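A short write-up of the structure that comes next.
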Amino acid sequence: MKKGIYVAIDGPEATGKSTTIELLCSTLREKGFVVCQTKEPGSASSEVCKSIRSIALNPSEPLSSEAEFFLFLADRAQHLLTAVLPALKRGVGVVADRSGITGLVYCLAGGMQLEKIK
């Protein structure tokens, strides 16, 4: 059985990540590869991840940087277990819109100290 490959496209807002992902997946599919597209936070393959994304984007009260960081970690864990690892085990390629580094960057930008994250 072939192993899948995981590729994450990350970067600042409005820099063409989604366009790049669409082109990459389209090209890979044209070449005969089976590819799964995912998104962090909020993979469409998981209701839990969708809920976490909703909380992170539209909190009912202000979130501390620590709470936001833990939301990103929870999403990442669920995303890996429900979308990424099963696809890779089936030999499917995974192209992710963002990765775990995103949560780190958002929390650092929100004022959380790197020492606290460590």
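The values are calculated or read from the model by the stated rules, or taken from the named source; none is laboratory data. Please read these numbers as outputs of a predicted model, since none were measured by experiment. Positions of Cβ are generated from backbone atoms using ideal geometry, with glycine treated the same way; all protein chains shown enter the neighbour counts. Heads up: the accessible areas ignore ligands, DNA and RNA and are worked out on the full protein's heavy atoms, side chains in. Shrake-Rupley method; radii C 1.70, N 1.55, O 1.52, S 1.80 Å.
Overview of values
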read-out	value
Failed item, numbered, when S65 is tested on (1) out of contact with any strand residue (DSSP E or B) (no Cβ under 8 Å at 6 or more places or on another chain); (2) closer than 15 Å to A8 by Cα; (3) among the polar types (S, T, N, Q)	(2)
Qualifying residue in region 90-111 (condition: part of a loop (DSSP other than H, G, I, E, B), buried (at least 16 other Cβ atoms within 10 Å of the Cβ) and out of contact with any strand residue (DSSP E or B) (no Cβ under 9 Å at 6 or more places or on another chain))	no
Hits in region 27-39 - residues which are open to solvent by less than 80 Å² (accessible area, probe 1.4 Å) and without any contact (Cβ under 8 Å) to a residue 24 or more places away in the chain	T27, G32
Count of residues meeting criterion [touching a residue at least 60 places away in the same chain (Cβ under 8 Å) and either open to solvent by 30 Å² or more (accessible area, probe 1.4 Å) or in a helix (DSSP H, G or I) (or both)] in region 40-87	2
Residues of region 1-15 that turn out to be under 15 Å from A96 (Cα atoms) and in contact (Cβ under 8 Å) with a residue 60 or more places away in the chain, as a count	7
